[in-house]
1. Among the residues of the range 95-109, how many are out of contact with any strand residue (DSSP E or B) (no Cβ under 9 Å at 6 or more places or on another chain), touching a residue at least 12 places away in the same chain (Cβ under 8 Å) and within 20 Å of residue 363 (Cα to Cα)?
2. Being at negative phi and either surrounded by 16 or more Cβ atoms within 10 Å (Cβ to Cβ) or part of a strand (DSSP E or B) (or both) is the filter here, so list the residues in the range 277-294 that pass it.
3. Just to check your reading of the model, which residue among 29, 65 is outside the structural domain of residue 339 (by TED's automatic domain parsing), part of a strand (DSSP E or B) and touching a residue at least 60 places away in the same chain (Cβ under 8 Å)?
4. Just give me the residues in the range 324-350 being in contact (Cβ under 8 Å) with a residue 24 or more places away in the chain and more than 22 Å from the chain's Cα centre (by Cα), in sequence order.
5. Test residue 326 against the criterion of being in contact with a strand residue (DSSP E or B) (Cβ under 9 Å, 6 or more places away or on another chain), on the phi < 0 side of the Ramachandran plot and surrounded by 15 or more Cβ atoms within 10 Å (Cβ to Cβ), and give yes or no.
6. Restricting the range 161-176 to residues that are closer than 17 Å to residue 209 by Cα and out of contact with any helix residue (DSSP H, G or I) (no Cβ under 8 Å at 6 or more places or on another chain), which is surrounded by the fewest Cβ atoms within 10 Å (Cβ to Cβ)?
7. Pick from the range 205-239 the residues that are assigned to a helix (DSSP H, G or I) and surrounded by fewer than 24 Cβ atoms within 10 Å (Cβ to Cβ): which of them is farthest from the chain's Cα centre (by Cα)?
8. Inspect all residues belonging to the range 36-47 and state whether any of them is under 30 Å from residue 114 (Cα atoms), without any contact (Cβ under 8 Å) to a residue 40 or more places away in the chain and surrounded by 15 or more Cβ atoms within 10 Å (Cβ to Cβ).
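The values are calculated or read from the model by the stated rules, or taken from the named source; none is laboratory data. It should be emphasised that the depicted structure is a prediction, and the values quoted were computed from it without experimental measurement. Glycine also receives a Cβ, built like all others from the backbone with ideal geometry; neighbour counts cover every protein chain displayed.
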(Lines give C-alpha, C1' and ligand atoms only; values in the text may rest on other atoms or scores of the structure.)
Protein backbone atom coordinates (compact mmCIF):
# COMPACT_ATOMS: atom_id res chain seq x y z
CA UNK A 1 0.00 0.00 0.00
CA UNK A 2 1.30 3.50 -0.78
CA UNK A 3 2.22 5.82 2.06
CA UNK A 4 -0.67 8.05 3.06
CA UNK A 5 -1.11 11.30 1.11
CA UNK A 6 0.19 14.19 3.19
CA UNK A 7 -2.07 17.27 3.21
CA UNK A 8 -0.51 20.56 2.15
CA UNK A 9 -1.96 22.10 5.31
CA UNK A 10 0.68 20.34 7.44
CA UNK A 11 3.61 22.65 8.08
CA UNK A 12 7.14 21.33 7.92
CA UNK A 13 9.22 19.78 9.25
CA UNK A 14 6.69 17.31 10.65
CA UNK A 15 6.74 13.68 11.72
CA UNK A 16 3.89 11.80 10.06
CA UNK A 17 2.50 8.40 11.08
CA UNK A 18 0.45 6.39 8.61
CA UNK A 19 -2.11 4.89 11.00
CA UNK A 20 -3.03 2.02 8.69
CA UNK A 21 0.60 0.94 8.53
CA UNK A 22 0.96 1.42 12.28
CA UNK A 23 -2.05 -0.81 12.95
CA UNK A 24 -0.68 -3.45 10.59
CA UNK A 25 2.65 -3.43 12.43
CA UNK A 26 0.96 -3.77 15.82
CA UNK A 27 -1.23 -6.62 14.59
CA UNK A 28 1.63 -8.45 12.84
CA UNK A 29 3.89 -8.59 15.89
CA UNK A 30 1.04 -9.42 18.28
CA UNK A 31 0.03 -12.32 16.01
CA UNK A 32 3.64 -13.48 15.83
CA UNK A 33 3.84 -13.66 19.62
CA UNK A 34 0.48 -15.41 19.93
CA UNK A 35 1.38 -18.08 17.37
CA UNK A 36 4.72 -18.68 19.11
CA UNK A 37 2.99 -18.98 22.48
CA UNK A 38 4.98 -16.16 24.11
CA UNK A 39 3.99 -12.92 25.80
CA UNK A 40 4.55 -9.59 24.07
CA UNK A 41 5.90 -6.87 26.37
CA UNK A 42 6.83 -4.07 23.92
CA UNK A 43 9.48 -1.51 24.75
CA UNK A 44 7.75 1.87 24.81
CA UNK A 45 10.97 3.91 24.73
CA UNK A 46 10.38 3.85 20.96
CA UNK A 47 7.22 5.96 21.10
CA UNK A 48 6.97 7.32 24.69
CA UNK A 49 3.23 7.69 24.15
CA UNK A 50 0.45 6.71 26.55
CA UNK A 51 -1.96 6.38 23.64
CA UNK A 52 0.31 4.09 21.69
CA UNK A 53 1.05 1.95 24.74
CA UNK A 54 -2.71 1.56 25.10
CA UNK A 55 -2.98 0.52 21.45
CA UNK A 56 -0.29 -2.12 21.98
CA UNK A 57 -2.23 -3.49 24.95
CA UNK A 58 -5.42 -3.56 22.85
CA UNK A 59 -3.59 -5.67 20.28
CA UNK A 60 -2.65 -8.21 22.93
CA UNK A 61 0.47 -7.03 24.74
CA UNK A 62 0.62 -8.44 28.27
CA UNK A 63 2.34 -5.35 29.68
CA UNK A 64 4.97 -2.85 28.62
CA UNK A 65 8.68 -2.21 29.02
CA UNK A 66 10.26 1.18 29.76
CA UNK A 67 13.88 2.28 30.02
CA UNK A 68 13.67 4.93 32.72
CA UNK A 69 11.70 5.67 35.87
CA UNK A 70 10.46 8.92 34.35
CA UNK A 71 8.84 6.95 31.53
CA UNK A 72 7.28 4.60 34.07
CA UNK A 73 5.85 7.50 36.08
CA UNK A 74 4.22 8.94 32.96
CA UNK A 75 2.76 5.58 31.94
CA UNK A 76 1.29 5.00 35.40
CA UNK A 77 -0.33 8.44 35.27
CA UNK A 78 -1.84 7.34 31.97
CA UNK A 79 -3.40 4.25 33.54
CA UNK A 80 -0.90 1.69 32.22
CA UNK A 81 -0.23 -1.28 34.52
CA UNK A 82 2.28 -4.18 34.56
CA UNK A 83 5.52 -2.41 33.67
CA UNK A 84 9.08 -3.72 33.40
CA UNK A 85 11.78 -1.12 34.02
CA UNK A 86 14.59 -2.55 31.90
CA UNK A 87 17.35 -0.47 33.44
CA UNK A 88 19.33 -0.77 36.68
CA UNK A 89 17.96 1.51 39.42
CA UNK A 90 20.76 2.80 41.62
CA UNK A 91 20.58 5.43 44.36
CA UNK A 92 18.23 6.58 47.10
CA UNK A 93 16.26 9.03 44.94
CA UNK A 94 15.34 6.39 42.38
CA UNK A 95 14.38 3.83 45.00
CA UNK A 96 12.11 6.37 46.70
CA UNK A 97 10.42 7.12 43.38
CA UNK A 98 10.01 3.41 42.67
CA UNK A 99 8.48 2.97 46.12
CA UNK A 100 5.79 5.50 45.22
CA UNK A 101 5.06 3.66 41.99
CA UNK A 102 4.88 0.25 43.68
CA UNK A 103 2.01 1.56 45.80
CA UNK A 104 0.02 2.23 42.63
CA UNK A 105 0.94 -0.34 39.99
CA UNK A 106 2.63 -3.65 39.21
CA UNK A 107 6.34 -3.42 38.43
CA UNK A 108 9.35 -5.58 37.65
CA UNK A 109 12.89 -4.21 37.51
CA UNK A 110 16.01 -5.45 35.72
CA UNK A 111 19.36 -5.77 37.48
CA UNK A 112 22.83 -7.03 36.62
CA UNK A 113 24.57 -6.51 39.98
CA UNK A 114 24.19 -7.60 43.57
CA UNK A 115 24.41 -3.97 44.67
CA UNK A 116 21.35 -2.90 42.65
CA UNK A 117 19.43 -6.00 43.77
CA UNK A 118 20.26 -5.33 47.42
CA UNK A 119 18.86 -1.79 47.20
CA UNK A 120 15.65 -3.15 45.69
CA UNK A 121 15.49 -5.84 48.37
CA UNK A 122 15.70 -3.24 51.11
CA UNK A 123 12.88 -1.31 49.43
CA UNK A 124 10.79 -4.47 49.15
CA UNK A 125 11.28 -5.24 52.84
CA UNK A 126 10.27 -1.69 53.73
CA UNK A 127 7.09 -2.02 51.66
CA UNK A 128 6.32 -5.53 52.89
CA UNK A 129 6.53 -7.08 49.43
CA UNK A 130 8.95 -8.96 47.20
CA UNK A 131 9.85 -7.00 44.07
CA UNK A 132 10.11 -9.16 40.93
CA UNK A 133 13.56 -8.88 39.32
CA UNK A 134 14.70 -9.64 35.78
CA UNK A 135 18.39 -10.64 35.78
CA UNK A 136 20.17 -9.25 32.72
CA UNK A 137 22.42 -11.60 30.73
CA UNK A 138 24.96 -10.57 28.09
CA UNK A 139 24.16 -12.34 24.81
CA UNK A 140 26.63 -10.49 22.60
CA UNK A 141 25.79 -6.78 22.78
CA UNK A 142 28.41 -6.35 25.54
CA UNK A 143 26.36 -3.80 27.41
CA UNK A 144 24.68 -4.76 30.70
CA UNK A 145 24.73 -8.30 32.03
CA UNK A 146 27.18 -10.95 33.14
CA UNK A 147 28.25 -13.72 30.79
CA UNK A 148 25.80 -16.61 30.27
CA UNK A 149 26.06 -19.76 32.34
CA UNK A 150 28.20 -19.89 35.45
CA UNK A 151 28.81 -16.15 35.77
CA UNK A 152 25.12 -15.26 35.57
CA UNK A 153 24.12 -18.21 37.72
CA UNK A 154 26.56 -17.30 40.48
CA UNK A 155 25.14 -13.78 40.62
CA UNK A 156 21.58 -15.09 40.44
CA UNK A 157 22.25 -17.49 43.31
CA UNK A 158 23.33 -14.63 45.59
CA UNK A 159 20.48 -12.36 44.48
CA UNK A 160 17.86 -15.07 45.04
CA UNK A 161 18.76 -15.19 48.75
CA UNK A 162 17.75 -11.55 49.29
CA UNK A 163 14.49 -11.27 51.27
CA UNK A 164 12.77 -8.32 49.59
CA UNK A 165 12.93 -9.49 45.98
CA UNK A 166 11.87 -12.42 43.84
CA UNK A 167 14.12 -13.58 41.00
CA UNK A 168 11.35 -13.73 38.41
CA UNK A 169 13.09 -13.88 35.02
CA UNK A 170 16.26 -13.92 33.00
CA UNK A 171 16.44 -11.33 30.22
CA UNK A 172 18.74 -10.21 27.45
CA UNK A 173 18.85 -7.73 24.58
CA UNK A 174 20.56 -8.64 21.30
CA UNK A 175 20.80 -5.11 19.93
CA UNK A 176 23.91 -6.06 17.96
CA UNK A 177 21.56 -7.76 15.48
CA UNK A 178 21.03 -4.34 13.86
CA UNK A 179 24.60 -4.47 12.57
CA UNK A 180 23.94 -7.64 10.56
CA UNK A 181 22.57 -7.77 7.04
CA UNK A 182 20.84 -11.10 6.40
CA UNK A 183 18.03 -13.28 7.70
CA UNK A 184 20.56 -16.03 8.39
CA UNK A 185 22.57 -13.71 10.64
CA UNK A 186 19.49 -12.45 12.50
CA UNK A 187 18.25 -15.99 13.06
CA UNK A 188 21.68 -17.04 14.33
CA UNK A 189 21.68 -14.15 16.82
CA UNK A 190 18.11 -14.98 17.88
CA UNK A 191 19.21 -18.54 18.59
CA UNK A 192 22.31 -17.48 20.52
CA UNK A 193 20.21 -14.95 22.44
CA UNK A 194 17.83 -17.72 23.49
CA UNK A 195 20.65 -20.12 24.32
CA UNK A 196 22.32 -17.53 26.57
CA UNK A 197 19.19 -17.51 28.71
CA UNK A 198 18.54 -21.26 28.56
CA UNK A 199 22.14 -22.06 29.53
CA UNK A 200 21.95 -19.66 32.47
CA UNK A 201 18.62 -21.16 33.49
CA UNK A 202 20.11 -24.70 33.44
CA UNK A 203 23.05 -23.74 35.65
CA UNK A 204 20.80 -21.91 38.09
CA UNK A 205 18.56 -24.97 38.28
CA UNK A 206 21.55 -27.17 39.12
CA UNK A 207 22.35 -24.73 41.94
CA UNK A 208 18.82 -25.04 43.29
CA UNK A 209 17.29 -21.83 41.91
CA UNK A 210 14.37 -22.18 39.48
CA UNK A 211 13.70 -19.25 37.11
CA UNK A 212 10.90 -20.07 34.69
CA UNK A 213 10.59 -16.84 32.70
CA UNK A 214 13.00 -16.08 29.84
CA UNK A 215 12.63 -12.70 28.13
CA UNK A 216 14.36 -11.59 24.91
CA UNK A 217 14.53 -8.13 23.42
CA UNK A 218 15.26 -6.44 20.07
CA UNK A 219 13.00 -5.99 17.08
CA UNK A 220 15.26 -7.93 14.64
CA UNK A 221 15.37 -11.13 16.69
CA UNK A 222 11.70 -10.95 17.68
CA UNK A 223 10.78 -11.66 14.06
CA UNK A 224 12.22 -15.18 14.44
CA UNK A 225 10.40 -16.14 17.63
CA UNK A 226 8.27 -18.61 15.68
CA UNK A 227 11.43 -20.51 14.71
CA UNK A 228 12.46 -20.77 18.36
CA UNK A 229 9.42 -22.79 19.37
CA UNK A 230 10.25 -25.09 22.26
CA UNK A 231 13.39 -23.15 23.21
CA UNK A 232 11.94 -22.05 26.53
CA UNK A 233 11.56 -18.36 25.68
CA UNK A 234 8.41 -16.98 27.31
CA UNK A 235 8.46 -13.26 26.38
CA UNK A 236 9.62 -10.84 23.68
CA UNK A 237 10.26 -7.10 24.13
CA UNK A 238 10.60 -5.46 20.68
CA UNK A 239 10.24 -1.69 20.38
CA UNK A 240 11.00 -0.22 16.96
CA UNK A 241 8.60 -2.57 15.15
CA UNK A 242 5.79 -0.07 15.74
CA UNK A 243 7.06 2.49 13.22
CA UNK A 244 9.78 0.79 11.21
CA UNK A 245 12.81 2.81 10.11
CA UNK A 246 15.91 2.77 7.95
CA UNK A 247 17.86 0.56 10.34
CA UNK A 248 15.33 -2.19 9.57
CA UNK A 249 14.59 -1.27 5.94
CA UNK A 250 18.11 -0.95 4.50
CA UNK A 251 19.16 -4.56 5.25
CA UNK A 252 15.71 -5.81 4.09
CA UNK A 253 14.59 -6.83 7.58
CA UNK A 254 11.28 -5.16 6.69
CA UNK A 255 9.84 -3.77 3.47
CA UNK A 256 8.90 -0.18 2.72
CA UNK A 257 5.20 -0.89 3.40
CA UNK A 258 6.11 -1.53 7.06
CA UNK A 259 7.60 1.95 7.48
CA UNK A 260 4.79 3.86 9.19
CA UNK A 261 6.86 6.98 9.92
CA UNK A 262 7.92 9.76 7.56
CA UNK A 263 9.54 13.10 8.19
CA UNK A 264 8.15 15.68 5.79
CA UNK A 265 10.55 18.50 4.93
CA UNK A 266 10.52 21.44 2.53
CA UNK A 267 13.24 22.47 0.09
CA UNK A 268 14.28 25.94 1.25
CA UNK A 269 17.42 26.54 -0.84
CA UNK A 270 19.16 25.32 -3.99
CA UNK A 271 22.38 27.32 -3.59
CA UNK A 272 24.60 25.49 -6.10
CA UNK A 273 24.44 22.60 -8.57
CA UNK A 274 24.18 19.25 -6.82
CA UNK A 275 23.17 20.74 -3.46
CA UNK A 276 19.68 21.11 -2.01
CA UNK A 277 18.83 22.36 1.50
CA UNK A 278 15.77 21.20 3.44
CA UNK A 279 14.26 22.54 6.67
CA UNK A 280 15.00 19.37 8.66
CA UNK A 281 18.37 19.11 10.39
CA UNK A 282 19.78 17.22 13.35
CA UNK A 283 17.03 18.53 15.64
CA UNK A 284 14.49 16.76 13.45
CA UNK A 285 16.26 13.78 11.85
CA UNK A 286 18.86 13.12 14.61
CA UNK A 287 22.53 12.40 13.93
CA UNK A 288 22.01 8.64 13.97
CA UNK A 289 23.60 6.81 11.05
CA UNK A 290 23.31 3.27 9.71
CA UNK A 291 26.03 0.80 8.71
CA UNK A 292 23.82 -0.21 5.79
CA UNK A 293 23.34 3.12 4.00
CA UNK A 294 25.16 6.44 3.81
CA UNK A 295 23.39 9.55 5.06
CA UNK A 296 20.76 10.61 7.57
CA UNK A 297 17.58 9.14 6.13
CA UNK A 298 16.08 7.65 3.00
CA UNK A 299 13.91 9.43 0.44
CA UNK A 300 12.07 6.47 -1.09
CA UNK A 301 10.85 8.43 -4.11
CA UNK A 302 14.42 9.56 -4.87
CA UNK A 303 16.76 6.78 -3.71
CA UNK A 304 19.69 8.33 -5.59
CA UNK A 305 19.52 11.43 -3.36
CA UNK A 306 21.53 11.35 -0.12
CA UNK A 307 21.10 13.47 3.00
CA UNK A 308 24.85 13.82 3.39
CA UNK A 309 25.21 16.47 6.12
CA UNK A 310 23.17 18.03 8.91
CA UNK A 311 23.42 21.16 10.96
CA UNK A 312 20.86 21.86 13.67
CA UNK A 313 18.13 23.16 11.35
CA UNK A 314 19.47 22.40 7.87
CA UNK A 315 19.63 19.15 5.96
CA UNK A 316 22.16 19.23 3.10
CA UNK A 317 21.29 16.91 0.24
CA UNK A 318 23.61 15.60 -2.45
CA UNK A 319 21.55 15.50 -5.65
CA UNK A 320 22.51 13.90 -9.00
CA UNK A 321 22.75 16.27 -11.95
CA UNK A 322 19.57 15.06 -13.65
CA UNK A 323 17.46 15.28 -10.48
CA UNK A 324 15.90 18.72 -10.07
CA UNK A 325 14.16 20.17 -7.04
CA UNK A 326 12.55 23.57 -6.72
CA UNK A 327 12.29 25.75 -3.65
CA UNK A 328 9.00 24.84 -1.99
CA UNK A 329 9.08 21.15 -3.00
CA UNK A 330 8.31 18.76 -0.15
CA UNK A 331 10.20 15.54 0.50
CA UNK A 332 9.17 12.50 2.53
CA UNK A 333 12.01 10.91 4.52
CA UNK A 334 12.24 7.55 6.27
CA UNK A 335 14.50 8.21 9.28
CA UNK A 336 17.44 6.01 10.17
CA UNK A 337 16.23 5.51 13.75
CA UNK A 338 12.62 6.10 14.73
CA UNK A 339 13.19 5.99 18.51
CA UNK A 340 15.51 9.00 18.64
CA UNK A 341 13.34 10.95 16.20
CA UNK A 342 10.34 10.56 18.49
CA UNK A 343 12.21 11.95 21.49
CA UNK A 344 12.91 15.17 19.56
CA UNK A 345 9.23 16.03 19.05
CA UNK A 346 6.24 16.90 21.21
CA UNK A 347 3.68 15.40 18.83
CA UNK A 348 3.42 13.14 15.81
CA UNK A 349 0.73 13.65 13.18
CA UNK A 350 -1.50 10.58 12.74
CA UNK A 351 -2.96 10.37 9.24
CA UNK A 352 -5.47 7.96 7.75
CA UNK A 353 -6.49 8.28 4.13
CA UNK A 354 -4.84 11.67 3.82
CA UNK A 355 -6.84 13.12 6.71
CA UNK A 356 -5.45 14.06 10.13
CA UNK A 357 -7.13 11.61 12.51
CA UNK A 358 -5.15 12.36 15.66
CA UNK A 359 -2.15 14.08 17.14
CA UNK A 360 0.00 11.56 19.03
CA UNK A 361 1.41 13.17 22.15
CA UNK A 362 4.93 12.14 23.14
CA UNK A 363 4.03 12.12 26.82
CA UNK A 364 7.35 10.81 28.15
CA UNK A 365 9.59 12.91 25.92
CA UNK A 366 12.81 13.88 27.67
CA UNK A 367 12.25 11.53 30.61
CA UNK A 368 15.86 10.44 31.08
CA UNK A 369 16.06 9.87 34.85
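1. Here the count works out to 2.
2. Of everything in the range 277-294, those that are at negative phi and either surrounded by 16 or more Cβ atoms within 10 Å (Cβ to Cβ) or part of a strand (DSSP E or B) (or both) turn out to be 277, 278, 279, 280, 281, 282, 284, 285, 288, 290, 292, 293.
3. 65
4. 325, 326, 327, 328, 329, 330, 331, 332
5. No; evaluated as a whole, the condition is false for this residue.
6. Checked the range 161-176; the qualifying residue surrounded by the fewest Cβ atoms within 10 Å (Cβ to Cβ) is 161.
7. 206
8. First, pick out the residues of the range 36-47 that are under 30 Å from residue 114 (Cα atoms): 38-46.
Checking the rest, the ones that are also without any contact (Cβ under 8 Å) to a residue 40 or more places away in the chain come to none.
No: zero hits.
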